[in-house]
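These notes are about the structure you will find just below.
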Amino acid sequence: MDCSVEGKVAFADGYAYHFATMDAALAFAECVKGGGNPGACATQHGSTSKVQLEDVEAQEEAERRQDDSPGVMP
């Protein structure tokens, strides 16, 4: 399974898994790459949160649209 790590965040199975330490994130990635279930590996290595990537993308897009919209002038 594809899994990547950026600092304390690991990406697998369409989710971003957050960890307290970089070592925990790397251990999670090794667990997943070794064929482990991402949910079980996240629990095993102390994931502090899990966010679905589509939700993050939608939220960022909404914020961009809000920033791009012209303000109302009095």
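The values are calculated or read from the model by the stated rules, or taken from the named source; none is laboratory data. Worth saying up front: this structure is predicted, and the values here are computed from it rather than measured. No Cβ is skipped: glycine too gets one built from the backbone with ideal geometry, and neighbour counts run over all protein chains shown. SASA here: full protein model, heavy atoms, side chains in, ligands and nucleic acids out. Shrake-Rupley method; radii C 1.70, N 1.55, O 1.52, S 1.80 Å.
Structure values in brief
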{"read-out": "Tilt relative to the chain, helix 22-33 - C-alpha long axis, 0 to 90 degrees, to 10", "value": "70 degrees"}
{"read-out": "Between 0 and 90°, nearest 10: helix 53-68 axis offset from the chain longest Cα axis", "value": "20 degrees"}
{"read-out": "Neighbourhood charge, 14 Å Cβ-Cβ cut-off, centred on ALA24 and excluding it, Lys, Arg +1 and Asp, Glu -1", "value": "-1"}
{"read-out": "Sulfur and carbon atoms: percent of accessible area, the chain [1.4 Å]", "value": "51 percent"}
{"read-out": "Of (1) 16.3, 60; (2) 17.1, 60; (3) 23.2, 71, the label for Rg and Dmax of the Cα atoms in Å derived from the coordinates", "value": "(1)"}
{"read-out": "Probe 1.4 Å - accessible area at VAL5, Å² to nearest ten", "value": "50 Å²"}
